[in-house]
Amino acid sequence: AQKVTQAQTEISVVEKEDVTLDCVYETRDTTYYLFWYKQPPSGELVFLIRRNSFDEQNEISGRYSWNFQKSTSSFNFTITASQVVDSAVYFCALRLGDQAGTALIFGKGTTLSVSS
Amino acid sequence: DTEVTQTPKHLVMGMTNKKSLKCEQHMGHRAMYWYKQKAKKPPELMFVYSYEKLSINESVPSRFSPECPNSSLLNLHLHALQPEDSALYLCASSQNFYGVGSYNEQFFGPGTRLTVL
């Protein structure tokens, strides 16, 4: 069975702190794709970062960085120097196979609150 | 243009009404999706259109009827809804490439907040 687990329900930090959001996934497929989305109070899901099962290289993009480890089935996401505008619900999602048009399997989300 | 637009932003309807939700994208994407999201829950997939053909229906009740008139437009026709259908309805689109490395990440619209009285 395919599953995405975000164990952190809510996280509260003060501005400029670094924060890591955890994501653990389960799948037996060898080809899969992982994503992080941000959903601010306005409701729109905003695509942030992506990684595929054949590329474990970790990257940094601005204040965002991600750590993908197949050995532990984890795809963690870090925001450096958090800002109030980062307050949102963050979803980790898994898509299986090479085809488009397949469902994103979402975790339950982590609510991040950044205070000034 | 990297936007998915949805209209209306808010909709209030009675259980006997017929209404439609509209979604449009001009990114050349050939896969389009409808999701339903209840408060404090992740989005749940309802329908997928691939090359304007319905490819996935996640056992959605017939009171929801999707339509894809062309590659840029996606509609969701609503009829005889129930109060429990009140939710945020999200449209998304993605490229439709095949093969390893085809991320086909989904881009979402702002959603329609539906209230059924």
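The values are calculated or read from the model by the stated rules, or taken from the named source; none is laboratory data. Here the structure is a predicted model, which means the values were calculated and not measured. For neighbour counting, all protein chains shown are included, and Cβ atoms are generated from backbone atoms with ideal geometry for every residue, glycine included. Only protein heavy atoms, including side chains, enter the accessible area calculation; ligands, DNA and RNA are left aside. Shrake-Rupley method; radii C 1.70, N 1.55, O 1.52, S 1.80 Å.
Here are a few things to note about the model shown:
- Share of carbon and sulfur in the accessible heavy-atom surface of the stretch B:77-117 [1.4 Å probe, %]: 62 percent
- Remark on the stretch B:45-75: accessible area falls by at least 20 square angstrom from chain-alone to full-complex state for B:Leu45, B:Ile56, probe 1.4 angstrom.
- The mean accessible area for residues of chain A, using a 1.4 Å probe and ignoring ligands and nucleic acids, is 47 Å² per residue.
- Within chain B: Cβ-based charge dipole about Cα centre, in debye rounded to nearest 20 (Lys, Arg +1; Asp, Glu -1): 380 debye
- Shown here for the stretch B:36-96: chymotrypsin sites (Phe, Trp or Tyr not before Pro) in loop regions (DSSP other than H, G, I, E, B) with at most 14 other Cβ atoms within 10 Å, namely B:Tyr51.
- Unmatched cysteines, chain B - criterion: no other Cβ of a Cys under 4.7 angstrom: B:Cys68
- Accessible carbon and sulfur surface of the stretch A:1-43 relative to its total accessible area, %, 1.4 Å: 46 percent
- With both labels modelled 7 Å from their Cα along Cα-to-Cβ, the A:Arg63 to B:Glu67 distance reads 4.4 nm.
- Solvent-accessible area buried by A and B, counting both chains, probe 1.4 angstrom, square angstrom: 2200 Å²
- Between the exposed loop cleavage positions of chain B, defined as trypsin sites (Lys or Arg not before Pro) in a non-H, G, I, E, B DSSP state with at most 15 neighbouring beta-carbon atoms within 10 angstrom, the longest gap is B:64-117.
- Positive-pole candidate from B:Pro42, B:His26, B:Thr115, dipole of chain B, charges at beta carbon: B:Thr115
- When chain A is treated as a GNM with alpha-carbon contacts under 10 Å, the residue of A:Phe54, A:Phe106, A:Phe35 showing the greatest mean-square fluctuation is A:Phe54.
- Checking the Cα-Cα distances for B:Lys9/B:Lys53; A:Lys108/B:Lys18; A:Lys70/B:Lys53; A:Lys3/A:Lys38; A:Lys3/B:Lys38 against a 28 Å cut-off, the pairs over it are A:Lys108/B:Lys18; A:Lys70/B:Lys53.
- For the stretch B:14-58, carbon and sulfur atoms together expose 48% of the accessible surface, with a 1.4 angstrom probe and every protein chain in place.
- Residue range of chain A that is longest and free of trypsin sites (Lys or Arg not before Pro) which are both DSSP loop and sparsely packed (at most 12 other C-beta within 10 Å): A:29-116
- For the stretch B:1-105, the solvent-accessible area works out to 51 Å² per residue, with a probe of 1.4 Å and every protein chain left in place.
- At least 10 Å² accessible surface lost relative to isolated chain, residues of the stretch A:69-113 (1.4 Å probe): A:Phe91, A:Arg95, A:Asp98, A:Gln99, A:Ala100, A:Gly101, A:Thr102, A:Ala103, A:Leu104, A:Phe106, A:Lys108
- Label-to-label distance, A:Asp55 versus A:Lys108, with points set 7 angstrom from Cα along the beta-carbon direction: 3.2 nm.
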